Every structure is written in structure tokens, then in C-alpha cells.
Amino acid sequence: MTRSRSAFALAPALALAAAAVAIVAGTARPALAGGDDVATAQVLFDDGKRLMTQGHWSDACPKLAESQRLAPAIGTEFNLADCWEHAGRLASAWAAFLDVVDQTHKRGEAPREAAARARADAIAPRLGKLILLVPTRAPDLEIRRDGDLVQPEVWGVAVPIDAGDHRIEARAAGRTPWSSTVRTKDGATASLS
């Protein structure tokens, strides 16, 4: 199976045009995925798909994720979402399917949009969620979940999360750092305060 890549054949011309614009404008532009990145992404995609057909989800998903990072493509993201669903990472799968819905909607690809929407809708009732209740709000309070900063707007909101153990850390100037681990399960809402 080949990856869905719009403008794949035009990549060299687009890269040349971007370079010309950067030179004329005198500013640097973000680089397009290089040929090596695209080739590596394709090999990783093919290997990931092969592993999926063998039911080796935990080996396939990282390959698809790296393929998507190197050279993003809607088909890769759909397959990554499918892989994550089979591997039990429901929140990751749900979010990826919703991203495919958004991307295909923008491109007017109704059948692909509908397929991704159906998959996301089927996962939604099974999602595990986590609510971080923050009783004290110091001005410089920082909350992290699994090392990632959790914005104050998310505090107190039931956020979909993959099942498993999650490390929560809180830090504020002049206060003792705090950390805890919370276990989340599919289809259930956990909270931590």
C-alpha cells in the first residue's frame, strides 16, 4: 500500500520555488520534507503496515508515528489511529481520527471524512478521562502530566487520556514540589486533586 501524498511528484519544484522565495525575500523559510525524509517515511509506513497485518501493533505503531512525523500524510495518520486503537491507546486513536476528519473535511474528501468520523464516534464512549482538580492556584503554579505542561484552562476538565499510569507533578515558587501517579482506565473517569 502506498501513502497518500498530495504534491509528492511536485516536491522538488516546490522546494526550488520555496528556496527562490526565501532568497528574494531575504528570510529563511521552513524546509519541506527532504527526499530522504520522504523515502524513510515510506519505508517506515510499509514496515508498519506489514506489522499491522501480522497483529504486531506495539511494533507497528512507533513506525507509523515516525513516518507521520517525517512526512505527514492523511493515510498515514488514519493507519496510525487504527494501530493505536488496536494497541489500546484509545485517546490517541480518537484524537488522530478526529484530525483525519478535520484534514479530509478541508480537502472535500467526504468518504474519507465519514470513515474517520465513524471510527472516532465508535471510540468516544470507550474513552478514559482524567480530571486534574487544583484546589490552590498560586500565580506561578505549574502542573505537568507525564512531563507535559497542562494549561490552567484544562484544570478541572475531563480530558480523554490513554489508559495506564500517568505521573502528575505540581511546582510553584516557594512551595514544596508535589507528584503522584494516577491510573486511568478505558471507559472510566479518574480524578486527582
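The values are calculated or read from the model by the stated rules, or taken from the named source; none is laboratory data. Because the structure is predicted, anything quoted here is derived from the model rather than measured. Don't worry about glycine lacking a Cβ; one is built from the backbone with ideal geometry, like all the others, and counts go over all protein chains shown. Just the protein is used for accessible areas: all its heavy atoms, side chains included, with ligands, DNA and RNA removed. Shrake-Rupley method; radii C 1.70, N 1.55, O 1.52, S 1.80 Å.
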When all protein chains stay in place, what accessible area (Å², nearest 10, 1.4 Å probe) is found for residue 121? 90 Å²
Which values of log₁₀ I(q)/I(0), to two decimal places, follow from the Debye formula for the range 65-193 at q = 0.10, 0.18, 0.21, 0.22 Å⁻¹ with a uniform point scatterer at every Cα? -0.40, -0.97, -1.13, -1.18
Can you find, among 115, 67, 190, the residue farthest towards the positive end of the dipole of the range 55-193? Put +1 on the C-beta of Lys and Arg, -1 on that of Asp and Glu. 190
Scoring the range 27-165 by relative contact order with C-alpha pairs under 8 Å, at least six apart, yields a percentage of 18 percent
According to a simple spin-label model (label point 7 Å from Cα along Cα-to-Cβ), what is the distance in nm between residue 155 and residue 138? 1.1 nm
May I ask you to list the aspartates and glutamates whose Cα is less than 20 Å away from that of residue 106, ignoring any residue fewer than eight positions away on the same chain? 77, 121
Under a straight-distance cross-link criterion of Cα-Cα below 24 Å, which lysines are reachable from residue 63, leaving out those fewer than 8 residues away in the same chain? 49
Among all the lysines, which ones have a C-alpha under 23 Å from residue 185's C-alpha, if same-chain residues fewer than 8 places away are not counted? 129
